[in-house]
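Here the structure comes first, spelled out in structure tokens, and everything after it is commentary.
The values are calculated or read from the model by the stated rules, or taken from the named source; none is laboratory data. Note that the coordinates shown come from a computational prediction; the quantities given were computed from them, not determined experimentally. Neighbour counts run over all protein chains shown; Cβ positions are idealised from the backbone, glycine included. Heavy atoms of the whole protein, side chains included, go into the accessibility calculation; ligands, DNA and RNA do not. Shrake-Rupley method; radii C 1.70, N 1.55, O 1.52, S 1.80 Å.
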Amino acid sequence: MSMNLPLAGQVAAVTGAASGIGLASARAMVEAGARVVLIDRDGQALERACALLGSTALPVVLDLLDPAQCATLLARTLALTGQLDIFHANAGLYVGGDLVDADPEAIDRMLNLNVNVVMKNVHNVLPHMIGRGTGDIIVTSSLAAHFPTPWEPVYASSKWAVNCFVQTVRRQVFKHGIRVGAISPGPVITSLLADWPAEKLAEAKANGSLIEAEEVANVVLFMLTRPRGMTIRDVVMMPTQFDL
Ligand code: NAD
């Protein structure tokens, strides 16, 4: 592995890495020279992903909605790699449509994964990063947090919460050499869009607003390769139509 690659010598952990944005982010980081721990509850998809990415991609099967399993994320990463430089908190669920029609258990699962798990995992990895005096944390948020629409109130609120978390934690930890940023894509072609209302998906397709997961991964890499000493801030990937 060439030491000239931008992430050479670094270790990353990416949640929700068996598919979609997480897989694209993990691939981009592997190609940029990092060793990457791919974390997901889907063990078979994770094995397939790591087989494709090569020996610097390491699978860890975890159901992040199980608090006991979630609490092992850092320990299991360190057992494989000995260090953690980059944490991409990406795993998330989607609940859209009218609030009155939503399944309360689905709302609970979504809020737990999109908000609680993100906060707990960041809380978990920070002492390790503070101890080393360096680290980068990226949270996958959403355009929905910046331009909330009436057809996804709970999802938009979950991403609003993590945006606020990112903006506040960033200011606590920058003095320790740790950078925290959120990436907020509009609609991305992944399995998550299967839960979108059909008419919204058709609208996004028709106006050219859909993007590929690889485009999000490229922006994550751009954020991570900003010169150290500069915050990585937040990136909103504006689609053709902002109220999607
Ligand atoms: P995806 O469904 O392709 O990927 C999500 C991954 O998370 C899957 O591999 C799934 O197995 C994993 N996962 C789900 N629950 C888990 C759990 N309990 N424990 C461990 N892993 C779990 O979806 P995606 O679009 O790549 O979503 C990734 C992130 O991007 C989410 O936070 C989502 O809110 C955000 N996002 C997606 C879009 C979009 O349009 N696709 C837009 C903006 C933001």
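What to note about this one:
- Phe222 accessible area, assembled protein chains, probe 1.4 Å, Å²: 120
- Hydrodynamic radius (Kirkwood) for the stretch 104-212, which is based on Cα pairs only, to one decimal in Å: 15.3
- Inverse of mean 1/r across different Cα pairs in the stretch 198-244, Kirkwood, Å: 12.5
- Theoretical ellipticity at 222 nm over the chain - DSSP helices of four or more residues, -39500 (n - 2.57) apiece, nearest 500: -13000 deg cm²/dmol
- Accessible surface of Asp101 - all protein chains present, 1.4 Å probe, nearest 10 Å²: 120
- Under 24 Å from Lys200, Cα to Cα: lysines that are on another chain or at least 8 residues apart: Lys159
- A DSSP coil position with no more than 16 other Cβ atoms inside 10 Å describes the following GluC sites (Glu not before Pro) in the stretch 155-244: Glu212.
- Spatial separation of Cα centroids for the stretch 67-146 and the stretch 160-179, in angstrom: 14
- Across the stretch 209-222, computed HN-Hα scalar couplings (Karplus, 6.51 cos²θ - 1.76 cosθ + 1.60, θ = phi - 60°) run 8, 6, 10, 8, 4, 5, 5, 5, 4, 4, 6, 4, 5, 4 Hz from first to last residue, x flagging Gly and Pro.
- Amide H within-cut-off set for His88, under 5 Å, with H built and near neighbours excluded: Ala13, Val14, Thr15, Ile138
- Each residue of the stretch 121-138 is assigned a 3J(HN,Hα), and the resulting list reads 5, 5, 4, 6, 8, 4, x, 5, 5, 4, x, 8, x, 7, x, 10, 10, 10 Hz, derived from the Karplus form 6.51 cos²θ - 1.76 cosθ + 1.60 (θ = phi - 60°), x at Gly and Pro.
- Rolling a 1.4 Å probe across all protein chains gives His128 an accessible area of roughly 40 Å².
- Think of a 1.4 Å ball rolled over the protein heavy atoms: the chain then has 45 Å² of accessible area per residue.
- When each of the peptides 67-74, 5-12 is scored by the mean number of other C-beta atoms lying within 10 Å of its residues, the order from highest to lowest reads 5-12, 67-74.
- The calculated pair-distance distribution of the chain uses every alpha carbon pair, bins of 5 angstrom beginning at 0, and gives 1, 7, 14, 19, 21, 17, 11, 6, 3, 1, 0 percent.
- Virtual spin-label span in nm between Arg233 and Ser191, 7 Å along Cα→Cβ: 3.5
- Listed residues Phe165, Phe174 arranged by accessible area, highest first, probe 1.4 Å: Phe174, Phe165
- Sequence of Met230, Met129 when ordered by accessible area, the most exposed leading, probe 1.4 angstrom: Met230, Met129
- Unit charges at the beta carbon, dipole of the stretch 11-234: most positive-side option, Leu58, Ala32, Gly16: Ala32
- Hz values of 3J(HN,Hα) by residue in the stretch 85-94 - Karplus curve (6.51, -1.76, 1.60), Gly and Pro given as x: 9, 10, 10, 9, 7, 10, 4, x, 10, 10
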